[in-house]
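The structure appears right after this line, and notes come after that.
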Amino acid sequence: MKEMHIGIDLDNTVLDATSSYLHFYNKASGLSYSPKDVNDFYFYRLYGWDNAEREKVYYQYGHDIHWNSSPFPHAVEVLQELSLCHQIYYCSSFTFSRCYY
């Protein structure tokens, strides 16, 4: 089998980032939204925030948001299996489009 180069975004592909974002957005706002309430990619709008307010909250909680995002079921095992035969690149669309391997 020929080796493939596979690029994978972490947020909401490998990791459930939405739940973690909501946890910390709820903490910052005092509100209590759940994933069922999300109906927009820019779900910070649920909180009535503009992008500047979202950036302020992200600056305060961004590390915790990502550190506390849980992997989706079987994601870790599938990536481990794929990495035995293929090159895996972890990509992000956040501000700077970069891949890490």
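Readers should treat all values here as calculations from the given coordinates under stated rules, not as data from a laboratory. Just so we're clear, the structure is a prediction, and the values are computed from it rather than from any experiment. Ideal geometry is used to build each Cβ from the backbone, glycine not excepted, and the neighbour counts take in all protein chains shown.
Summary table below
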| read-out | value |
| --- | --- |
| Trypsin sites (Lys or Arg not before Pro) within segment 1-36, DSSP loop, no more than 14 other Cβ atoms inside 10 Å | 2 |
| Column: log10 I(q)/I(0), Debye, Cα scatterers of segment 1-52, q = 0.26 Å⁻¹ | -1.08 |
| Calculated from backbone phi, Karplus (6.51, -1.76, 1.60) coupling profile of segment 5-19 in Hz, x at Gly/Pro | 9, 10, x, 10, 7, 7, 5, 6, 10, 9, 10, 7, 6, 4, 4 |
| Fraction of alpha-carbon pairs over 22 Å apart in the chain - percent | 38 |
| Set of lysines near residue 56 by C-alpha distance (under 23 Å), chain-local residues within fewer than 8 positions excluded | 27 |
| Mean ellipticity per residue at 222 nm, deg cm²/dmol - from DSSP H runs of n ≥ 4 across the chain, formula -39500 (n - 2.57) | -12000 deg cm²/dmol |
| Bridge type composition, the chain - antiparallel percent by DSSP, nearest 5 | 45 |
| Contact order normalised by residue count of segment 5-100, Cα under 8 Å, 6+ apart, percent | 47 |
